[in-house]
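Only one structure is covered here, and it is reproduced in the block below.
The values are calculated or read from the model by the stated rules, or taken from the named source; none is laboratory data. Keep in mind the model is a prediction, meaning the values are calculated, not measured. Methodologically, a virtual Cβ is constructed for each residue, glycine included, from the backbone with ideal geometry; neighbour enumeration extends over all protein chains shown.
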Amino acid sequence: MTESADLDDDRAVTSRRRFLRESGALISGAVVAGLADGTALAAEPGSENVPPNVPEWMKAPGDPMGSQLYGTPSPFEKNVVKNISKNLPQYISASGRTPIGDLDGIITPNGLFYERHHGGVPAIDPDQHRLMLHGLIDRPMIFTMDDLRRFPSQSRIHFLECSGNPVYTKPYGKTASDLVGLLSCAEWTGVSLKLVLEEAGLRPEAKWLVAEGADAAALTRSIPIEKCLDDAMLVYSQNGERLRPQQGYPLRLLLPGFEGNMNVKWLRRLKAVPEPAYSREETSKYTDLMPDGVAREFTFYMEAKSIITRPSGGQKLKQTGFHEITGLAWSGHGKIKRVDVSVDSGKNWLEAQLQEPVLTRALTRFRLPWQWDGQPAVIQSRAVDETGYVQPTFAELLAVRGENSFYHNNAIQPWRIDAQGQVTNANS
Amino acid sequence: MPIPKSALAVLALTIVASFARAETPGHYGIGRTATDAEIAGWNIDIGRNGENLPPGSGTVAHGKEIFAEQCAACHGEKGQGGVGERLVGGQGTIATPKPIKTVGSFWPYAPTLFDYIRRAMPQNAPQSLSNEDVYAVSAYILNMNGLLPADATLDAKTLSAIKMPNRDMFTGDPRPDVKNPACEKGC
């Protein structure tokens, strides 16, 4: 019988129905097979499609072409979603984390890219979106999205990380995502900001650009002109498709290696000025408070950092023997030069293998083969970037910055593995 | 007779190509000049010393009314905080283990208050207050922080003149500030 009459949006429902219909036959098959070789073949749920049985999904055609005009993950992956705290005081100015412990490689799928917004996600009609460029500019300009797409384009892979990822105070997160999930990486396409500034004629007195978003926070940050004339980009696409609304559709600023909030989303205005705006987001927020009451301002760069994503907090090693230790390393200052991994509470360190190509200001995947002997262990990684900077321990960071610094915690993250293989945050 | 669009485009391209250097600073000829009116409508940022503050004024008393109507639901009756952040108090806590960062205790520049409230508050209806109302509610928040008398009127000049208590407590980025010796063996 064909299943064509049984098209259902929810594949899980469909397969459950099929299972109910066919399970009688399958179980009797299993009993026969079990009797044949003398072992008690499992009739556990979930085993009716494994050898020697023929999987049910081979016995009928699958969903037809066009069942999903925009593809979504398998329903079996329904738990791999953004990690959003259940008890936020409010959800308009809030953040959602990438489930980095569940992902492979270095590119974050667009639907799982971390989010931080201060006034919700605006629904912008791209035909009515404008970028205004003014201030210390020979010719103040207005660009439509069509205009911006006419400029020569470029595509580059870079990470983005929120500056508060994570904060320094307890309670500490349980999973890699809780701790460092305000981190993602994508291939970005757009136009060089330098080229657009040259088009408008930037005046030599311009030392900063004030960037402003077209969201309900009209979020404002000041960008030093050196960065604007270096690798800054006006971005309209991410991983091949247009930016997602959560990522600034239709236009965002990208400042590779700079803290996330400076990469202003829904970008509507750039104003060339002699000094920074000292906006609320660069005074009240996004300044790093030291124990003596002095706050550091304009702390742009995300320093080198790494984290083991597998095995990581909340995961479980189900057996002893071979396990690959893998994770992510990155630096706002350039390329990752080396990642060391310790499996003995930081006493000895081994150099991990870096996935090629190692890109500047992009996530870098590292891997280390490991044999777990079933004993409790503490594992951690330590990144070194091309400037020679070494990722610090949490203790080293706290000794210099105290607990109230809030931003730019790039500490080494140790994971404890207990004798049952359960992985937890060794700092907790 | 209407001229075909394509012919116009070719004409425009030719003109751009031949006069680009003379007419526009760039050489792609993409985008158009922004008018003064367009810029004025969007150029809302206020400098730390009050540059670009608009005309108008508002009293602490009027600000108190606005605050009760439009801000207190999130920030608390007295600015003590709620869904929205605490706006009042905390002076003297910034260098302690439990710092309370507020407009009064942490913000370095008073004109930023006007800038932020006008662009982003009330959170449910940003850019809905008149400039007069933004002056007034800024005045009330400054008053609750002991930085403005109860009978004061705030305008561009008086707002720019306020010296915030925490103003000189900011510094540049000294990083890299933390050193890890990167021990390899027997650490």
Notebook entry, point to check: Among the residues of region A:375-392, which ones are in contact with a Gly (Cβ under 8 Å, 6 or more places away or on another chain) and in a loop (DSSP other than H, G, I, E, B)?
Noted result: A:386, A:387
Check: Across region A:268-278, what is the total count of residues that are under 29 Å from the mean Cα position of the chain (by Cα), under 19 Å from residue A:226 (Cα atoms) and assigned to a strand (DSSP E or B)?
Finding: 2
Checklist line | Total residues in region A:268-305, condition closer than 26 Å to residue A:247 by Cα and out of contact with any Gly (no Cβ under 6 Å at 6 or more places or on another chain) | finding: 23
Notebook entry, point to check: So residue A:351 fits all but one of (1) in contact with an Asp or Glu (Cβ under 8 Å, 6 or more places away or on another chain); (2) within 13 Å of chain B (Cβ to nearest Cβ); (3) under 30 Å from residue A:187 (Cα atoms); (4) in contact (Cβ under 8 Å) with a residue 40 or more places away in the chain; what number is the exception?
Noted result: (4)
Note to self: Among the residues in region B:28-38, are any at pLDDT 95 or above, within 23 Å of residue A:289 (Cα to Cα), surrounded by 15 or more Cβ atoms within 10 Å (Cβ to Cβ) and within 8 Å of chain A (Cβ to nearest Cβ)?
What the structure shows: no
Check: What number of residues within region A:73-84 are in contact with a helix residue (DSSP H, G or I) (Cβ under 9 Å, 6 or more places away or on another chain) and surrounded by 12 or more Cβ atoms within 10 Å (Cβ to Cβ)?
Finding: 6
Next item on the list: Show the residue pairs that are 6+ apart or on different chains and have beta-carbon atoms under 8 Å apart, the first residue being within region A:80-92 and within 13 Å of chain B (Cβ to nearest Cβ), the second being of a type in the set (A, V, I, L, M).
Entry: A:88/A:94; A:89/B:83; A:90/B:83; A:92/A:216
Notebook entry, point to check: Which residues, taken from region A:384-414, are more than 10 Å from chain B (Cβ to nearest Cβ) and under 20 Å from the mean Cα position of the chain (by Cα)?
Noted result: A:385, A:407, A:409, A:413, A:414
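Condition check: over 19 Å from the mean Cα position of the chain (by Cα), farther than 21 Å from residue A:265 by Cβ and part of a loop (DSSP other than H, G, I, E, B). Does residue A:66 satisfy that?
In short, yes.
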Next item on the list: May I ask you to list the residues in region A:301-316 that are in a loop (DSSP other than H, G, I, E, B) and surrounded by fewer than 19 Cβ atoms within 10 Å (Cβ to Cβ)?
Entry: A:314
Check: Yes or no: residue A:127 more than 8 Å from every other protein chain (Cβ to nearest Cβ) and either farther than 22 Å from residue B:41 by Cα or in contact with a helix residue (DSSP H, G or I) (Cβ under 6 Å, 6 or more places away or on another chain) (or both)?
Finding: no
Next item on the list: Taking only region A:138-173 into account, find how many residues are assigned to a strand (DSSP E or B) and either hydroxyl-bearing (Ser, Thr, Tyr) or surrounded by fewer than 21 Cβ atoms within 10 Å (Cβ to Cβ) (or both).
Entry: 5
Next item on the list: Give the number of residues within region B:142-187 that are hydrophobic (A, V, I, L, M, F, W, C) and either within 11 Å of chain A (Cβ to nearest Cβ) or closer than 20 Å to residue A:395 by Cα (or both).
Entry: 7
Next item on the list: Restrict the check to region B:53-71 and report whether at least one residue is out of contact with any Leu (no Cβ under 7 Å at 6 or more places or on another chain), within 14 Å of chain A (Cβ to nearest Cβ) and either exposed (fewer than 15 other Cβ atoms within 10 Å of the Cβ) or part of a helix (DSSP H, G or I) (or both).
Entry: no
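Taking the conditions exactly as written (part of a loop (DSSP other than H, G, I, E, B) and in contact with a Leu (Cβ under 9 Å, 6 or more places away or on another chain)), does residue A:404 satisfy them or not?
Details: part of a loop (DSSP other than H, G, I, E, B): yes; in contact with a Leu (Cβ under 9 Å, 6 or more places away or on another chain): yes.
So residue A:404 fits the description; yes.
Restricting attention to region A:230-266, which residues are assigned to a helix (DSSP H, G or I), touching a helix residue (DSSP H, G or I) at 6+ places or on another chain (Cβ under 7 Å) and either farther than 26 Å from residue A:336 by Cβ or not assigned by TED's automatic domain parsing to the domain that holds residue A:192 (or both)?
Applying the first criterion (assigned to a helix (DSSP H, G or I)) to region A:230-266 yields A:245-247, A:260-262.
Remaining after also requiring touching a helix residue (DSSP H, G or I) at 6+ places or on another chain (Cβ under 7 Å): A:261.
Answer for region A:230-266, where residues must be assigned to a helix (DSSP H, G or I), touching a helix residue (DSSP H, G or I) at 6+ places or on another chain (Cβ under 7 Å) and either farther than 26 Å from residue A:336 by Cβ or not assigned by TED's automatic domain parsing to the domain that holds residue A:192 (or both): there is none.
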Checklist line | Within region A:207-223, tally of residues that are in contact with a strand residue (DSSP E or B) (Cβ under 6 Å, 6 or more places away or on another chain) and either of a type in the set (Phe, Trp, Tyr) or surrounded by fewer than 18 Cβ atoms within 10 Å (Cβ to Cβ) (or both) | finding: 1
Note to self: Whether any residue in region A:355-363 is surrounded by 22 or more Cβ atoms within 10 Å (Cβ to Cβ) and outside any loop (DSSP other than H, G, I, E, B) is what I want to check.
What the structure shows: no
Item checked: Residues of region A:340-354 classified as among the hydrophobic types (A, V, I, L, M, F, W, C), in a strand (DSSP E or B) and over 20 Å from residue A:425 (Cβ atoms), total -> 2
Notebook entry, point to check: Take the residues of region A:93-103 that are among the aliphatic types (A, V, I, L, M) and not in a loop (DSSP other than H, G, I, E, B): which is nearest to the other protein chains (Cβ to nearest Cβ)?
Noted result: A:94
Notebook entry, point to check: Would you say residue A:346 is within 14 Å of chain B (Cβ to nearest Cβ), of a type outside the set (S, T, N, Q) and within 19 Å of the chain's Cα centre (by Cα)?
Noted result: no
Next item on the list: State the number of residues belonging to region A:174-222 that are more than 18 Å from residue A:276 (Cα to Cα) and in a strand (DSSP E or B).
Entry: 10
Item checked: Residues within region B:106-133 that are more than 10 Å from every other protein chain (Cβ to nearest Cβ) and surrounded by 22 or more Cβ atoms within 10 Å (Cβ to Cβ), tallied -> 2
Check: Considering A:102, A:178, which residue is crowded, with 18+ Cβ neighbours inside 10 Å and touching an Asp or Glu at 6+ places or on another chain (Cβ under 9 Å)?
Finding: A:102
Note to self: It is to be established whether one or more residues within region A:279-289 are in contact (Cβ under 8 Å) with a residue 24 or more places away in the chain, surrounded by fewer than 20 Cβ atoms within 10 Å (Cβ to Cβ), assigned to a strand (DSSP E or B) and within 12 Å of chain B (Cβ to nearest Cβ).
What the structure shows: no
Note to self: Please determine whether any residue of region A:371-392 is surrounded by fewer than 17 Cβ atoms within 10 Å (Cβ to Cβ), under 23 Å from residue A:103 (Cα atoms) and not β-branched (Val, Ile, Thr).
What the structure shows: yes
Next item on the list: For residue A:381, work out the one condition from (1) closer than 26 Å to residue A:107 by Cβ; (2) more than 13 Å from chain B (Cβ to nearest Cβ); (3) of a type outside the set (A, V, I, L, M, F, W, C) it doesn't fulfil.
Entry: (2)
